[in-house]
Amino acid sequence: MQNKADVLIVGGGVIGSSIAYNLLNDGFTGRIIVFEKDSVYEFASTPRSAGGFRQLYTTDVNVQLSRYSLSIYKEFAEKMAIDGEKVEIDFKQRGYLFLATEEMMPRFSKHLAMQHKNGVSSQLLEKHGLLDIIPELTLDDLAGGLYCSESGYLDPYSVMQGYIKASKFLGAEYVYDEVESLLTENDRIKGVKLANGTEYYAPIVINCAGAWASLLSEQANLPLPVIPIPRQIFQFDVGQSLQKYLPLTMDPTGVYFRHEGEKFIAGYAEDVVRKIDFSWRRSDFEENVWPILAHRVKNFEQVKITGGWAGLYDFNTKDHNAIIGEYPTMKGYFVAFGFSGHGMQQAPAVGKGLSELIRKGKYETLDLTPLRVERFAENELVIEDAIY
Ligand SMILES: Cc1cc2nc3c(=O)[nH]c(=O)nc-3n(C[C@H](O)[C@H](O)[C@H](O)COP(=O)(O)OP(=O)(O)OC[C@H]3O[C@@H](n4cnc5c(N)ncnc54)[C@H](O)[C@@H]3O)c2cc1C
């Protein structure tokens, strides 16, 4: 009995823990075990994320995922409280801003219409309107920008811990061990085998192992087009502070920056290289980020780099979006990975969606079928025009 459960979840990061929480919070009464190989989450992607949340997507499914998730994050501190202790997530609605060149503006105005249709309060700003948001901005090569004041950034580690604590409180069991393989029998999932040899059995296994998820799936002959790729974040300080706190700002080059406390962080659209590597390089900042920052905001001409880190994207090589749902040829095997650079902000909605799919066999709150596993074979990719 000890090794039998109703649902096994591989990976106790923000996605796995949100699914465990939502299932139990929605009334699921079965036994849920979450397996996590990294008990301090040193290498998990969630704590290494930039923490940005945005509404500025260009597909209905991503806009809806982010709208629902925003509604949860707004009340996260109170709703996830246990015994009156609030879960502070440093939720900052300081906006999200895509800066645009002349050439990008027509695309952005098309996006605006679809975002408004989905209830997003995005605005197309003309060049000089950008100065109301960032007074120090250099405008010479810009024509305007797409802005959403409701978006911003938060502390991903606290969100993840909020979900973990609430899941445990509701009865989820966390086992801090590595899942070595998936156990299958013909076209049915049976359970998982841990690196220490112990086997656990359940009719449902959900793979939320982030950047390691596709490897586990592939070993069981259940491949998905997802690879681990490293992404760096650089932390820096400036001599003269800015007049206003920054939105999460995306330069047309793919360099992004925001405040982190009274300092700043930045990252860029690095080449896609399949590897697991957690090193960060000052030289990459100097060559690829700093020249863009120095041109864009005059206060960034004099920066002092104070640190950095690297984390992994679970990068979907086909359309850069999450893959969510049951694997068509393996009954009971569910996946939720491939989030690329936007899983943290989608975690609340993904948890809700999988809770419904598993308890009721269908989506009710949000239709996540566009993100199904079958979309690759059916050539129904979900193509975003605004993902870096
Ligand atoms: C530098 C960087 C910046 C980012 N910025 C943003 C952003 O601004 N906004 C945003 O929304 N997203 C961002 N992301 C993406 C976001 O971090 C991820 O999409 C999200 O954290 C994925 O959550 P997860 O739970 O799937 O993965 P993880 O947090 O990695 O959790 C997966 C867990 O599975 C465990 N695991 C793996 N294999 C096994 C196994 N075999 N057995 C047991 N446990 C296992 C791992 O230890 C890990 O803890 C960023 C990511 C990076 C790297």
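Could you look through region 119-135, keep only residues that are under 23 Å from residue 268 (Cβ atoms) and touching a residue at least 40 places away in the same chain (Cβ under 8 Å), and pick out the one that is surrounded by the fewest Cβ atoms within 10 Å (Cβ to Cβ)?
133
Does residue 271 satisfy the condition of being within 16 Å of the ligand (Cβ to nearest atom) and out of contact with any Lys or Arg (no Cβ under 7 Å at 6 or more places or on another chain)?
Spelling it out, residue 271 is indeed within 16 Å of the ligand (Cβ to nearest atom) and out of contact with any Lys or Arg (no Cβ under 7 Å at 6 or more places or on another chain).
Considering region 334-349 alone, what residues qualify as being buried (at least 24 other Cβ atoms within 10 Å of the Cβ) and more than 17 Å from the chain's Cα centre (by Cα)?
Result: no residue meets the conditions.
Here's a check for you: in region 135-153, which residue that is more than 17 Å from residue 115 (Cα to Cα) and assigned to a loop (DSSP other than H, G, I, E, B) is farthest from the ligand (Cβ to nearest atom)?
140
Applying the selection to region 306-330, what residues are among the β-branched types (Val, Ile, Thr) and away from the ligand (no atom under 16 Å from the Cβ)?
Correct list: 306, 329.
Show the residue pairs that are 6+ apart or on different chains and have beta-carbon atoms under 7 Å apart, the first residue being within region 53-67 and more than 19 Å from residue 154 (Cα to Cα) and hydrophobic (A, V, I, L, M, F, W, C), the second being at pLDDT 95 or above and not in a helix (DSSP H, G or I).
As it stands, the answer is 61/368; 61/382, since those pairs meet every condition given.
Please name all residue pairs, on different chains or six or more residues apart, with Cβ atoms under 8 Å, provided the first residue is in region 24-42 and is over 18 Å from residue 2 (Cβ atoms) and assigned to a loop (DSSP other than H, G, I, E, B) and the second residue is away from the ligand (no atom under 15 Å from the Cβ) and among the polar types (S, T, N, Q).
26/355; 28/355
Checking the conditions here, which among 166, 172 is more than 9 Å from the ligand (Cβ to nearest atom), more than 21 Å from the chain's Cα centre (by Cα) and within 29 Å of residue 90 (Cβ to Cβ)?
The conditions single out 172.
Could you tell me which numbered condition residue 98 fails, if it satisfies all but one of (1) within 15 Å of the ligand (Cβ to nearest atom); (2) outside any strand (DSSP E or B)?
Condition (2) is where residue 98 drops out.
Tell me, yes or no, whether region 237-256 has at least one residue that is under 14 Å from residue 309 (Cα atoms) and either out of contact with any helix residue (DSSP H, G or I) (no Cβ under 6 Å at 6 or more places or on another chain) or polar (S, T, N, Q) (or both).
Checked region 237-256: no residue is under 14 Å from residue 309 (Cα atoms) and either out of contact with any helix residue (DSSP H, G or I) (no Cβ under 6 Å at 6 or more places or on another chain) or polar (S, T, N, Q) (or both).
Residues in region 96-118: is at least one crowded, with 21+ Cβ neighbours inside 10 Å and within 17 Å of the chain's Cα centre (by Cα)?
Yes, there is a match, as at least one residue in region 96-118 is crowded, with 21+ Cβ neighbours inside 10 Å and within 17 Å of the chain's Cα centre (by Cα).
Look through region 331-351, keep the residues that are part of a strand (DSSP E or B) and within 11 Å of the ligand (Cβ to nearest atom), and return whichever of them is nearest to residue 273 (Cα to Cα).
The residue in question is 340.
When you go through (1) under 25 Å from residue 73 (Cβ atoms); (2) more than 16 Å from the ligand (Cβ to nearest atom) one by one for residue 302, which number turns out not to apply?
(1)
Just checking, how many residues over region 183-215 are among the aliphatic types (A, V, I, L, M), crowded, with 21+ Cβ neighbours inside 10 Å and within 12 Å of the ligand (Cβ to nearest atom)?
6
With part of a loop (DSSP other than H, G, I, E, B) and either surrounded by fewer than 24 Cβ atoms within 10 Å (Cβ to Cβ) or among the polar types (S, T, N, Q) (or both) as the only criterion, which of 291, 328, 370 stands out?
Result: 328 is the single residue among 291, 328, 370 that is part of a loop (DSSP other than H, G, I, E, B) and either surrounded by fewer than 24 Cβ atoms within 10 Å (Cβ to Cβ) or among the polar types (S, T, N, Q) (or both).
Inside region 8-52, can you point out the residues that are surrounded by fewer than 24 Cβ atoms within 10 Å (Cβ to Cβ), more than 6 Å from the ligand (Cβ to nearest atom) and under 17 Å from residue 168 (Cβ atoms)?
Across region 8-52, the qualifying residues are 24, 25, 26, 28, 29, 30, 31, 33, 39, 40.
Search region 237-259 for residues that are over 18 Å from residue 127 (Cβ atoms) and pair each with any residue that is hydroxyl-bearing (Ser, Thr, Tyr) and assigned to a loop (DSSP other than H, G, I, E, B) when their beta-carbon atoms are under 8 Å apart and the residues are at least 6 apart or on different chains.
These pairs meet every condition: 248/151; 254/268; 254/388; 255/268; 256/268; 256/388; 259/245.
Against the definition (touching a residue at least 60 places away in the same chain (Cβ under 8 Å), more than 13 Å from the ligand (Cβ to nearest atom) and of a type in the set (Gly, Ala, Ser)), how does residue 283 come out, yes or no?
no
What strands (runs of 3 or more DSSP E), lying completely within region 161-214, carry at least 3 residues that are among the basic types (Lys, Arg)?
It comes to 188-194.
The values are calculated or read from the model by the stated rules, or taken from the named source; none is laboratory data. Quantities reported herein were computed from a predicted structural model and do not represent experimental measurements. Positions of Cβ are backbone-derived with ideal geometry, glycine not excepted, and every protein chain shown enters the neighbour counts.
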